[in-house]
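The values are calculated or read from the model by the stated rules, or taken from the named source; none is laboratory data. Quick caveat, the model's predicted, so the values are computed rather than measured. Note that we place each Cβ from the backbone using ideal geometry, even for glycine, and neighbour counts take in every protein chain shown.
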Amino acid sequence: MSEPDDYYGILGVSRTASDEEIKKAYRHLAKEYHPDLHPGDKQAEEKLKKVNEAYEVLGDPQKRATYDRYGTTDFRGINWDAESGFGDIFSQIFRDFSGFGGFGDFGTGRAGPPPGDNLRVNINLTFEEAFFGTEKQIAFQRLVRCDSCNGSGAKPGSSPTRCRTCGGRGQVIKSMSGFITIAQTCPTCGGLGESIGSPCQKCRGTGLMKERREVRIPVPAGVEDGMYQRIRGGGNAGERGGPYGDLIVVFGVEPHKTFVRRGLHVYLESEIPFSVATLGGEVEVPTMYGNSKIRIGKGTESGTILRMREKGVHAADGRKGDQLVRVNIRVPKHLTKEQEQYLQQFEQVFD
């Protein structure tokens, strides 16, 4: 069986994205890969299908919860061994609820100190910054291990002791009716499996301290609104020496007054004189790289889309987009009598 799709990656959002962020990302991609913009393009059609599939799951709270837990919402045909990447899902379900008498001791082992929370930082970019790439300085606060007790929470010279209530397992087993037993978080140690007799004075036994950090974030060319960058270990430290969480940097891009971006391509509306549309010629249009001339063929109709090669985004991975110019014919609103006579003569010639 093939690997399951990364629905968060398909929509370009983080795993902690809100429902509104997921909906916004879906709408953006649905427009980008709309069939009207890519007639006959099977690749775009397939991408749109994947986008719809991802939103069908992540846009539904129950389906999203199942996907977050098991990496899929469709369990048909899955090879339930450890090689599948999912592990034994039924054992996982048993571990969540209890140990079942006669089936072994589920959910009683400690997995070590829990990791710290992920942190999210938003970076706002101008259209130009996202287009060409830049660097941004960000400042944020996070929890780090106390430098006095090295995150243990115990006074220097002492150390945490095994919790007497749970025996260091972090869980206590409660017998229910019949043969069912339920594993619950230890109420004494909160699941850590340790207790502190002499807490560290600097961190008051938490093992954690607040720290203000400043980081320079490189923003590659081609970043789009809603994209994110994950910095491993940049989040909060975990309790009792637990690993650090991640820092999630989410990019927001301001719209441009002239250009519209879809992926690597840039779209522009431009008016051309009636005479140029009829006779052909060249007109100068703005691009993100400065003004450039574009060739207008004879008899060009209003609404025609002209392509300017490699005038779109030059992404950091080497890909280059185009600029697509939709031309609209400029019809003069005020004419002199002489100009009206010329147009009437022009019309009579074509009758």
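Worth pointing out:
- Tabulated pairs, the range 38-66, first closer than 23 Å to residue 16 by Cα, second at pLDDT below 90 and among the acidic types (Asp, Glu), C-beta under 8 angstrom, 6+ apart or interchain: 50/5; 53/5; 54/5; 59/19; 61/19; 63/56
- Residue under evaluation residue 301, criteria (1) under 18 Å from residue 259 (Cβ atoms); (2) charged (D, E, K, R); (3) not in a strand (DSSP E or B), criterion not met: (1)
- For the range 269-286, a residue qualifies if it is in contact with a Lys or Arg (Cβ under 7 Å, 6 or more places away or on another chain) and crowded, with 18+ Cβ neighbours inside 10 Å, and exactly one does: 272.
- Qualifying position, being in contact with a helix residue (DSSP H, G or I) (Cβ under 7 Å, 6 or more places away or on another chain), at pLDDT 90 or above and not small (Gly, Ala, Ser), among 262, 307: 262
- Of the residues in the range 51-58, not one is among the polar types (S, T, N, Q), assigned to a helix (DSSP H, G or I) and loosely packed, with under 13 Cβ neighbours inside 10 Å.
- So residue 240, is it surrounded by fewer than 19 Cβ atoms within 10 Å (Cβ to Cβ) and either under 23 Å from residue 146 (Cα atoms) or assigned by TED's automatic domain parsing to the domain that holds residue 326 (or both): no
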